[in-house]
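The values are calculated or read from the model by the stated rules, or taken from the named source; none is laboratory data. These numbers come from a predicted model, not from an experiment. Cβ sites come from the backbone with ideal geometry, for glycine too, and all protein chains shown count toward neighbours.
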Amino acid sequence: MKIIAFGGSNSQHSINKKLATYAAGLFENAEIEVLDLNDYAMPLFSVDLEKEIGQHEIAKLFLSKIESADTLVISLAENNGNYSAAFKNLFDWSSRIMKEIFQQKPMLLLATSPGARGGASVLEIANNALPRYGAQIKATFSLPAFNANFDIEQNKISNTELDRELKESIKASF
């Protein structure tokens with residue numbers, strides 16, 4: 001099984017990329033490819049720019065990565081209660097090429113933040129919206145208070161209860 005994982009942030013130290021990478025590693029017998037949204041930077045989407053340059057090659061590359069996956073593990077950053085601009089821009093460019101961006105792939109949808117809600121707002125938005133774009137969301141998980149509940153040195157969830165919850169969710173859903 002091939003897993004494509006990424007954090008929905010362009011931060012070089014993305015906590016969501018760390019969470020997505022950890023979660024992808026919990027799947028048995030999986031080949032994991034972790035994407036970095038910085039490799040998919042494009043100009044801000046507009047229909048005028050799209051008319052001028054056409055479908056962006058970077059968006060085509062992203063869609064081919066999604067196509068290569070058997071399962072997706074995505075952890076979304078929350079900026080002011082919504083998607084990060086980096087994720088939304090990639091989403092916008094890609095959806096103009098293929099409405100079903102996520103191509104009916106099974107998805108583990110995650111979010112985390114330094115705050116107590118753990119990206120709950122963006123997780124709710126994505127859980128409601130992404131199925132309209134071909135996401136087969138099998139499970140969701142929010143990690144609250146990232147800095148208190150994730151051990152960066154060991155690259156894993158340090159809160160045993162939350163770690164068990166994520167592992168049980170993966171086992172039950174995939």
*asked:* Looking at (1) over 20 Å from S11 (Cα atoms); (2) among the β-branched types (V, I, T); (3) outside any helix (DSSP H, G or I), which one does I66 not meet, given that it meets all the others?
replied: (3)
*Residues within the range 111-124 that are over 13 Å from the mean Cα position of the chain (by Cα) and either outside any helix (DSSP H, G or I) or in contact (Cβ under 8 Å) with a residue 12 or more places away in the chain (or both), tallied*: 8
*Select, from L49, L90, L76, the only residue that is modelled with pLDDT of 95 or more and loosely packed, with under 15 Cβ neighbours inside 10 Å.*
L49
*Return the pairs, sorted by first residue and then second, in which the second residue is among the aliphatic types (A, V, I, L, M) and modelled with pLDDT of 95 or more, the first residue lies in the range 148-174 and is more than 23 Å from P106 (Cβ to Cβ) and assigned to a helix (DSSP H, G or I), the beta carbons are less than 8 Å apart, and the residues are 6+ apart or on different chains.*
N149/L143; N149/I157; N149/L162
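Out of the residues in the range 4-48 that are part of a strand (DSSP E or B) and touching a Phe, Trp or Tyr at 6+ places or on another chain (Cβ under 6 Å), state the one that is farthest from L109 (Cα to Cα).
Residues of the range 4-48 that are part of a strand (DSSP E or B), as a first pass: 4-8, 31-35.
Filter once more, keeping what is touching a Phe, Trp or Tyr at 6+ places or on another chain (Cβ under 6 Å): 8, 35.
On the way: G8: 11, L35: 15 Å.
Across the range 4-48, the extreme among qualifying residues is L35.
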*Residues that are of a type in the set (K, R) and part of a loop (DSSP other than H, G, I, E, B), drawn from the range 89-110*: K99
*Looking at the range 123-131, is at least one residue surrounded by fewer than 17 Cβ atoms within 10 Å (Cβ to Cβ) and of a type in the set (G, A, S)?*
yes
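Condition test on K105, is it at pLDDT 95 or above, surrounded by 15 or more Cβ atoms within 10 Å (Cβ to Cβ), of a type in the set (D, E, K, R) and touching a helix residue (DSSP H, G or I) at 6+ places or on another chain (Cβ under 7 Å)?
Yes, satisfied.
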*Return a yes/no flag: does the range 16-39 have any residue that is under 21 Å from S95 (Cα atoms), at pLDDT 95 or above and over 14 Å from the mean Cα position of the chain (by Cα).*
yes
*Pick from the range 11-39 the residues that are more than 21 Å from D151 (Cα to Cα) and either in contact (Cβ under 8 Å) with a residue 60 or more places away in the chain or of a type in the set (S, T, N, Q) (or both): which of them is surrounded by the most Cβ atoms within 10 Å (Cβ to Cβ)?*
N38
